[in-house]
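Novice: Sharing a structure with you now.
The values are calculated or read from the model by the stated rules, or taken from the named source; none is laboratory data. Computed from a predicted structure; not experimentally measured. Here the Cβ positions follow ideal geometry from the backbone for every residue, glycine too, while neighbour counts run over all protein chains shown.
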């Protein structure tokens, strides 16, 4: 009987593990491979090493590009105006009294602010004169204030044009990336404002009030 004379289960020889029995032909997480006579689960798809992709280049958004172009002096990786200097589009330094030629930049700042204030005053005086002037009189006061604003814009743009290279050379620790730049939209807009205020000032001087 198997209990009396038959061989025990422990004495039976272990069967050979073949590739098919180890599961090499199967797919999915249950697949196995043979190492040293033992069936070892193969590496699943989820745990397999995936190739590393190269990082994509950092692209600047449209808002960053437009903000960069609105400065007085711009380049590929920097922009500078009369208030601050920014490199790599993120590292910004506010222009302060530690800068050489700081008084020159202050003159540009002051004249541009003054021109804006004078333009606003000229507009309100023009509205006031529409109701106070008599028929046939000219807007002389409005014209004078508008021409003063024009003069301030011209002074600011001229100072920056003439002294820009000296400012950059004397503050090379801040302007070290600005050698290959060009004038930005703000600088161009300053000269456009000069022309517009001059034309409007002359128009105020020539025009007369009608009924």
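Novice: As an exercise: evaluate residue 130 against (1) assigned to a helix (DSSP H, G or I); (2) crowded, with 17+ Cβ neighbours inside 10 Å and give the number of the one condition it does not meet.
Specialist: Unmet condition: (2).
Novice: If we scan segment 170-180, do we find a residue that is without any contact (Cβ under 8 Å) to a residue 12 or more places away in the chain and outside any loop (DSSP other than H, G, I, E, B)?
Specialist: The answer is no; no qualifying residue exists.
Novice: Among the residues of segment 102-110, are any surrounded by fewer than 12 Cβ atoms within 10 Å (Cβ to Cβ), under 30 Å from residue 173 (Cα atoms) and at pLDDT 85 or above?
Specialist: Yes, segment 102-110 contains a residue that is surrounded by fewer than 12 Cβ atoms within 10 Å (Cβ to Cβ), under 30 Å from residue 173 (Cα atoms) and at pLDDT 85 or above.
Novice: Please go through segment 134-160 and give me each residue that is surrounded by 16 or more Cβ atoms within 10 Å (Cβ to Cβ) and not in a helix (DSSP H, G or I), ordered by number.
Specialist: 139
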